[in-house]
Amino acid sequence: MKVFTYTVGQLQTNCYVVATASGQAVIIDPGDDADYLYRQIQNEQLKPQVIVATHGHFDHLGAVTELKTAFNIPFTIHQEDTFLVNRFRSSTLHFLNFDPGPAPAINYHLTNPVVVGNLRFTILPTPGHTPGSICLYSSREKVAFVGDLIFAEGGLGRTDFRYSSSEDLHHSLEKILSLPKSTTLYPGHGPDTTVAAELPFH
């Protein structure tokens, strides 16, 4: 497994492209800069199979439509965050003051597991930041892509939205911090970290 990290957009969202040795790949949270992401993926000679969003916030979705079309691949997200995908256009207009075009079309809602080549990710529901937030976890590779649940050095996702829940987020945090201490955590913003590094903060 190889993890390519591309930080994109005004909100500096981490897009992860996770690839097998043969180049099959999953794209996680392509938040913006579709042309840049397309070039990087092509330069690495990768073959994306699916786009997965860890949650439905606009800054994690900005390049979905273009990459779906470019690679002819499906987009999937947890059913509980469909309402946020539907707000993609209005949210981008509100926060970033430009019109990104229509919301990306969801091909199907997330089911367990996500399998790409010899990569197998268990979908861990981790609500709190949003109702449909998820993490993609591989016990074999000892990695978890955690979206905006947890950030390096003790950071946590916002829960001040009307649909957020601090109680749910803390239950989700307990779930992630109970993974093996050597597990690398890849967040939606900022540097990666590990369970061991984050335990002292919580």
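The number of residues in segment 133-163 that are closer than 18 Å to His202 by Cβ and assigned to a loop (DSSP other than H, G, I, E, B) comes to 6. Can you say whether Thr65 is under 22 Å from Thr82 (Cβ atoms), of a type in the set (Val, Ile, Thr) and surrounded by fewer than 24 Cβ atoms within 10 Å (Cβ to Cβ), as far as the supplied structure shows? Spelling it out, Thr65 is indeed under 22 Å from Thr82 (Cβ atoms), of a type in the set (Val, Ile, Thr) and surrounded by fewer than 24 Cβ atoms within 10 Å (Cβ to Cβ). When segment 109-126 is filtered for residues that are in contact (Cβ under 8 Å) with a residue 12 or more places away in the chain and part of a strand (DSSP E or B), the ones remaining, listed by number, are His109, Val114, Val116, Leu119, Arg120, Phe121, Thr122, Ile123, Leu124, Pro125. Has segment 139-153 got at least one residue that is surrounded by 15 or more Cβ atoms within 10 Å (Cβ to Cβ) and of a type in the set (S, T, N, Q)? No, every residue in segment 139-153 fails to be surrounded by 15 or more Cβ atoms within 10 Å (Cβ to Cβ) and of a type in the set (S, T, N, Q).
Quickly run through segment 1-13 and pick out the residues that are surrounded by fewer than 24 Cβ atoms within 10 Å (Cβ to Cβ) and either part of a strand (DSSP E or B) or in contact (Cβ under 8 Å) with a residue 60 or more places away in the chain (or both). Steps first, please.
Going residue by residue through segment 1-13, those that are surrounded by fewer than 24 Cβ atoms within 10 Å (Cβ to Cβ) are 1-12.
Those that are surrounded by fewer than 24 Cβ atoms within 10 Å (Cβ to Cβ) and either part of a strand (DSSP E or B) or in contact (Cβ under 8 Å) with a residue 60 or more places away in the chain (or both): Met1, Lys2, Val3, Phe4, Thr5, Tyr6, Thr7, Val8, Gln10, Leu11, Gln12.
Among the residues of segment 49-84, those identified as in a strand (DSSP E or B) and among the aliphatic types (A, V, I, L, M) are Val50, Ile51, Val52, Ile77.
Only the coordinates and a few stated rules stand behind these numbers; no lab work does. What you see is a predicted model; the values in this text were computed from it and never measured. As a convention, Cβ positions derive from the backbone with ideal geometry for all residues, glycine included, and neighbour counts pool all protein chains shown.
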